[in-house]
Structure formats: structure tokens, C-alpha cells
């Protein structure tokens with residue numbers, strides 16, 4: 001029997017019998033398949049079928065295969081949040097300590113997002129050498145060091161030190177073409193040559209969504225109806241910020257009396273912050289995807305009242321239908337578009353992610369057919385390594401002079417050749433991620 005105490009909602013939970021190993025392999029499989037899909041669509045050449053590329057034009061009303069990769073990452077981040085809190089609190093962590101961990105992890109994701117967004121702009125080193133070195137340094141700098149004393153720990157400590165020092169040097173020498181920009185909380189700057197936050201990059205947007213949902217989950221606890229309600233609030237935040245902003249009609253509300261100046265000041269503050277964070281998207285509709293994942297993750301906790309396979313199938317099926325219906329309802333406002341992070345795109349992407357997880361759960365965790373997923377599960381358990389490994393492989397192959405021979409499929413005019421080559425690249429990246437994990441390289445923020 002297992003006893004779990006919830007430091008958020010109060011007294012210990014009623015004991016229930018649970019197996020010693022409760023890891024749900026389908027979560028790693030979904031994360032691994034998303035990694036595989038990410039590498040595949042990012043590697044595709046122009047001749048690949050259009051439905052595999054991001055939708056064109058970018059403002060079009062619709063979504064393609066490539067347009068579901070990013071939201072699936074956000075969804076899986078959400079699935080992991082309640083599971084991570086459960087492990088942390090069972091080990092004696094405090095709410096204050098978890099808040100600190102959330103802030104530090106968010107800062108790391110923002111930093112990595114900005115580095116990734118600016119990596120192709122460096123003007124010093126030839127070709128893509130700066131990016132190649134920076135991504136290698138990132139993997140080493142954030143690598144996990146074994147706890148057991150010995151040669152392996154010493155080696156990884158040394159590699160981590162090399163990564164930290166190397167990344168600091170690379171950041172110090174980074175220079176891009178001068179550009180007029182505006183720095184967060186500073187203002188306009190002319191001729192800026194260092195990194196800038198034109199946007200926060202993929203990892204940065206994940207960081208903002210993670211911050212929003214993790215703090216909300218700490219506040220709301222395990223109440224699934226509250227978590228579900230917050231999805232609606234986050235969608236409404238997106239709609240409000242994209243249709244006039246919060247408090248857009250204060251001038252009509254003289255009846256607020258002495259509260260009016262306070263609300264006007266708050267409105268100005270929100271508008272200023274929105275210039276740098278993107279409250280409607282990063283902490284609004286994108287965070288809603290992560291919260292949808294968090295809601296699914298809540299039924300995978302050890303203390304969940306939705307524990308039996310048939311209960312999880314019923315719950316998830318109902319959840320998918322609800323997300324699809326909500327997506328239909330919000331389509332009236334902005335349609336379906338990834339770049340605009342429209343509510344329908346967010347809700348339907350979350351519905352697809354939940355449906356795919358349900359299929360994987362039935363195959364892997366219920367039926368026990370795990371062997372086939374061995375290729376993607378290591379990448380799912382070590383996603384940041386896989387995320388940076390693809391550009392590292394491309395950069396290393398190009399630097400070796402073998403780019404034309406090994407990457408020639410990308411320029412082929414035959415769609416079958418392009419698709420087959422990119423799929424092979426995705427398999428190689430997942431396999432290398434698993435190999436590096438076996439050697440001990442794991443990245444944790």
C-alpha cells in the first residue's frame with residue numbers, strides 16, 4: 001500500500017494499492033514519436049508533399065502535419081507537470097522549493113530559446129560553426145552528473161565544466177548584423193549586434209507556457225474541474241489580448257469611480273508586458289495546450305481516481321470530444337492557424353495529442369506491446385538531447401564535407417526520396433539519443 005500526502009490540498013490521500021513501478025510508458029512513447037516527427041518535418045526538402053510542410057501561406061486557415069509538432073510538445077510538457085509534482089512532494093519537497101525550481105527552469109528555457117532563435121545570425125565563425133559548437137556546449141552544460149563517486153562522475157563533471165565555459169565564450173563572441181531593436185524593460189536601441197528577443201524561440205515559448213501552467217497547478221491543486229476551467233480562462237485571455245486588450249472599454253465605465261484610475265494603470269502595465277511576453281499567446285492559448293496536457297497527466301498520478309484502463313479510456317475519449325467541440329465553437333473568432341496560435345488550432349492539436357496518447361496507452365500499457373517502441377522511447381525520456389542533436393548532426397555532416405553525399409536527398413525532386421531520407425534521419429537521431437543515454441548523457445534543466 002502507498003500513502004501520499006498532498007501539501008497543496010491538505011490531508012493524506014486515502015491509501016490505494018499501486019505497483020512499485022508506475023511509469024506510464026506511453027507518455028515516453030508519445031514524447032518520442034513527437035521527437036521523431038519533429039526531426040522528420042524539420043529535415044524535409046522542398047519536394048516533400050505540401051501537407052507535410054508548415055501550411056502556406058503562413059496566414060492560411062488550416063493546419064498540416066508539421067503544424068502539430070510544437071503543440072504536441074506543449075501538451076507533453078503539461079502531462080509531465082502533475083507527475084513531476086507528485087514525485088517531488090512524495091520526496092519531501094516544499095511548495096516554495098517547487099516555485100523556485102519552476103522559475104529556474106523557465107529562465108533556462110528562455111535562454112535556450114533565445115540562443116536557438118539567434119544561432120543562425122552569427123557573423124563571426126564561418127558557416128554554421130557557431131551553432132554547432134553552441135548546441136554541443138548546451139548539451140554538456142546541462143548534462144546530469146552521476147551521483148556515485150568514481151571515474152564516470154569525474155568525467156561528466158569535467159565535460160559539464162567544458163560546456164559551461166564554452167557556452168560563455170560563445171555567447172561573449174556572438175555578433176550579428178547591426179539592427180535597431182527594443183530590449184525588454186529598457187527600450188529602443190540602435191545598431192544592436194548581440195542576441196535579441198524578436199521572439200522567444202520554440203523553447204522560450206514552451207518556457208512561458210510551462211511557467212503559467214506549473215504555477216496554476218500549484219495553486220489549483222488536484223481539482224480537475226478547476227484545471228479544466230483554467231483552459232477556458234487561458235483561451236479567453238488570448239481572445240481578449242488579440243481583440244482590443246484587457247480592460248479595452250474602461251472609458252465607458254465611469255461608474256467604477258475610484259477604481260477606474262487603478263484599472264487604467266493596470267491596463268497600461270499589461271500592455272507594456274505584452275510587448276515582450278506575448279500574454280495572449282505564450283501565456284494564453286499556448287498555455288491552454290499545456291494545461292490540457294496537465295489535465296490528462298492528472299489521471300496518471302498514483303492517487304488518481306481514474307486508474308483502471310477502462311476508466312482512462314472513457315475519460316480520455318470524453319476529453320478528446322470536448323476539446324474538438326470547443327475548437328469548433330472558437331473557430332468563429334480566428335479560424336485555424338499556428339502562427340497566430342488561434343484557439344481552434346490549440347484545442348484541436350491538444351485533442352489529437354490526447355487521442356494519440358490513448359492509442360499508445362492501449363497498445364503499450366494495456367496490451368503490453370512495448371518492443372516496437374524501443375526506438376522512440378529513449379528519445380522521449382531524453383527529449384532535450386534529441387532536440388539539439390538534429391542540428392548537431394546536420395552541422396557536423398556539413399562541416400565534414402560530406403553534406404552533398406549524405407544530405408543530398410533533401411534537394412531531390414522526387415518526393416519519395418525526400419520523405420525516405422528525412423525519415424531515415426529521424427530514426428538516426430532517435431537511435432543516437434538512445435545511445436548517448438546508454439553512455440550516460442542525459443540533459444535536465
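Values quoted throughout were computed directly from the atomic coordinates according to the rules given, and no laboratory measurement underlies them. Please read all numbers here as calculations on a predicted model, not as lab measurements. All Cβ positions, even for glycine, are placed from backbone atoms using ideal geometry, and neighbour counts span all protein chains on display.
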Practice problem: Starting with the fewest neighbours, write out 361, 276 ranked by other beta-carbon atoms found within 10 Å of each beta-carbon. | Solution: 276, 361
Practice problem: Give me the distance in nm between label points sitting 7 Å out from Cα along the Cα-to-Cβ direction at residue 186 and residue 439, one decimal. | Solution: 3.8
Exercise. Calculate, axis by axis, the spread of Cα positions in the range 287-445 along the three principal axes, and write the results as whole Å, longest axis first.
Key: 55, 40, 32
Quiz item: Taking only the alpha carbons of the range 51-196, what extent do you get along each of the three principal axes, in Å, biggest first?
Solution: 48, 41, 36
Quiz item: Equivalent-ellipsoid semi-axes (√(5λ), Cα gyration tensor) for the range 278-377, whole Å, largest first?
Solution: 28, 15, 13
Quiz item: Anyone know which of 327, 411, 232 comes out most mobile in the 10 Å Cα GNM of the chain?
Solution: 411
Exercise. Please find, in a Gaussian network model of the chain (springs between Cα atoms separated by less than 10 Å), the residue of 226, 72, 130 whose mean-square fluctuation is greatest.
Key: 226
Self-check item: Euclidean distance between Cα centres, the range 354-418 to the range 275-330, Å
Solution: 26
Exercise. Quick one: give the max-minus-min coordinate of the C-alpha atoms of the range 142-300 along each principal axis, largest first, in Å.
Key: 71, 51, 25
Practice problem: For the range 206-325, divide the Cα radius of gyration by the Kirkwood radius and give the resulting Rg/Rh value with two decimals. | Solution: 1.09
Practice problem: Return one quarter of the surface area of the convex hull spanned by the alpha-carbon atoms of the range 134-200, equal to its mean projected area, in nm². | Solution: 5.9
Exercise. Compute log10 of I(q)/I(0) for the range 366-445 with the Debye formula, placing one identical point scatterer on every Cα and leaving out solvent, at q = 0.25 Å⁻¹, to two decimals.
Key: -1.14
Practice problem: Using only alpha carbons, build the gyration tensor for the range 327-377 and give me the equivalent ellipsoid semi-axes, biggest first, whole Å. | Solution: 32, 12, 5
Exercise. For an R0 of 22 angstrom, estimate the FRET efficiency from the Cβ-Cβ distance between residue 268 and residue 233 and round to the nearest 0.05.
Key: 0.50
Quiz item: What residue among 196, 96, 370 shows peak mean-square fluctuation when the chain is described by a Gaussian network model with Cα springs under 10 Å?
Solution: 96
Exercise. Within 10 Å, count the other beta carbons around each residue, average over each peptide in 207-217, 39-49, 169-179, 386-396, and list them highest first.
Key: 207-217, 386-396, 39-49, 169-179
Quiz prompt | the range 30-73 and the range 127-190: distance between their alpha carbon centers, rounded to Å | solution = 28
